[in-house]
Amino acid sequence: MADRVTVIGWDGSPLTRAATAALSAATLVAGAAHHLALPEVPGRAERIRLGSVDLAARRIAGHRGSAVVLADGDPGFFGVVRTLRKPEHGLEVEVVPAVSSVATAFARAGMPWDDAQIVVAHPRTLRRAVNVIRAHHKVAVLTSPGAGPVELALLLEGVHRTFVICEELGTVRERVTVLTSDKTADHTWRDPNVVIVIGGGPETAANGAWIAGRRPARPESIRGWALPAAAYGGTGGGGEGESPGLRAAQLARLGPRTGDLVWDIGSGSGALAVEAARFGAAVIAVDSDPDACARTAAAARTFQVGVQVVRGTAPHVLERLPEPDVVRIGGGGVPVVTAVADRRPERVVTHASNRDEAEALGAALAASGYTVECALLQSVEMDTSAWAERERSVVFLLSAVRPDLAP
């Protein structure tokens, strides 16, 4: 029985000596149709069209002879190596790598990619991939049928991006196309393809950057979370909804993360929207006040994060927004809470100034199937020069969760 398999990456270049030697000795070769058509594949070898890698691994484990798997690009980068190495298959894996399709795509585009986010888009992960595109300046998407350039562009409706679409890299049919996201759905694209998406904020790396895939904190950047509203361009007061302590508790219960879409309804100074974006989430900030919208946009520019600002009155404006994962409601009462719950986010946080209001909001969330918790938060700001009370904030914090809606 085979207990060893050689995985060969293929990027369209001539195969290396090691890859050619492994193929010449193979009695079983698995790969896509264009891999199996390579002249180096021995005519005597059993051939398996690679669909399910788990099924292929079981065939390989039961094969008497030498097995080879061919894969596009670097098979250790979002490739077949992870599946073949599962303990249940009992296979020892040797890898002959090639240039990854992502590296090739950026090379064709003539762009650096140490600052890029890289995501895999399947129909089941498409929305989360789009959320990463919303949140970050530079994203490479490894697409799949049903989750390609057209689907990405359609879910980005209203958000402008530039697409670099790299089709059939490494083949004679290779094609690289640059166009705006609103024009992408007008074309038919060939598989396989890699999409580089540009936009949504400033460049995320500079000379001297030391970590890939993200913007390291600059020496002059503001350190910390739950900063006073004034740090985000607010006036420093902002009412009970702008309390740094309340905001910290709301963020802790929402847990925004990369791949999430956050709605911040009643964005005010933009402080919570910006802090959620700093966690890597995509954020849509909603407010009916044009001054609040301007403050939120300015705060996002100051902290160099991507926040989409929508001016409008909830609940009506929410009807045209994409599906959220977590939502913070800064006001609007039961009608807004009910409208949000109808969109079925996993988590919702809101606040109330008195117990009657808290009970009404909690009942509306519970009626929609959420488990609701409520806490009375009190914070006192002290003047340390005289150790006297400067400002007191008392508010009811409501948090609601539906684990069954988790992505």
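The values are calculated or read from the model by the stated rules, or taken from the named source; none is laboratory data. Please read all numbers here as calculations on a predicted model, not as lab measurements. Positions of Cβ are backbone-derived with ideal geometry, glycine not excepted, and every protein chain shown enters the neighbour counts. What goes into the accessible areas is simple: the full protein's heavy atoms, side chains included, and nothing from ligands, DNA or RNA. Shrake-Rupley method; radii C 1.70, N 1.55, O 1.52, S 1.80 Å.
A simple count of charges around R64, restricted to other residues whose Cβ falls under 15 Å of its Cβ and scoring Lys, Arg +1 and Asp, Glu -1, yields +2. Relative to the current alpha-carbon distance between H316 and R355, full extension at 0.36 nm per residue lengthens the span by 11.4 nm.
Straightening the chain between S13 and D191 buys 62.2 nm, computed as 0.36 nm per residue apart minus the Cα-Cα spacing.
Using the alpha carbons of the range 54-140, what is the convex hull volume per residue in cubic angstrom, as a whole number?
Enclosed volume per residue, from the Cα hull, is 124 Å³.
Using the Cβ-Cβ distance between I211 and L38 with R0 set to 41 Å, the FRET efficiency works out to roughly 0.60. From most to least packed by mean Cβ count within 10 Å, the peptides 375-381, 259-265, 273-279 give 259-265, 273-279, 375-381.
Taking only protein heavy atoms and a 1.4 Å probe, the accessible area of the chain is 52% carbon and sulfur. Put simply, the amide H of R47, placed in the peptide plane, has neighbours under 5 Å in V29, leaving out anything fewer than 5 places away on its chain. For the chain, the longest principal axis of the alpha carbon atoms and the long axis of helix 126-135 meet at an angle near 60°.
Taking the longest Cα principal axis of the chain as reference, the axis of helix 333-342 is set at about 10 degrees. Our analysis of the range 1-158 gives Rg over Rh at 1.03, with the two radii drawn from alpha carbon positions and Rh computed by the Kirkwood formula. Let me know the whole percent of all Cα-Cα pairs from the range 345-407 that are separated by more than 18 Å. Percentage above 18 Å: 47.
Estimated from the Cβ-Cβ distance and a Förster radius of 35 angstrom, the FRET efficiency linking E389 and T302 is about 0.70.
State the Kirkwood hydrodynamic radius of the range 52-91 in Å, one decimal place, computed from all pairs of distinct Cα atoms.
10.6
These residues, R173, R134, R343, R295, go from largest to smallest accessible area, 1.4 Å probe, as R173, R295, R343, R134.
Over the range 22-83, the pair-distance histogram of Cα-Cα distances with 5 Å bins from zero comes to 4, 20, 31, 26, 16, 3, 0 percent, rounded to whole numbers.
From its DSSP helices (H runs of at least four residues, each -39,500 (n - 2.57)), the chain gives a residue-normalised ellipticity at 222 nm of -7500 deg cm²/dmol. The C-alpha radius of gyration of the range 267-394, expressed as a fraction of 2.2 N^0.38 Å, stands at 1.18. Does the range 90-206 come out rounded, prolate or oblate, given a ≥ b ≥ c as the square roots of the eigenvalues of its C-alpha gyration tensor, rounded meaning a/c under 1.5 and, failing that, prolate meaning a/b above b/c? Rounded shape, in that the Cα axes give a/c under 1.5. Computed extension length for R85-V150: 20.0 nm, one decimal, from 0.36 nm per residue of separation with the Cα-Cα distance subtracted. The angle between the Cα long axis of helix 290-302 and the main principal axis of the chain comes to about 50°, on a 0 to 90 degree scale. Computed from Cα atoms alone, the Kirkwood hydrodynamic radius reported for the range 236-324 is 12.9 Å.
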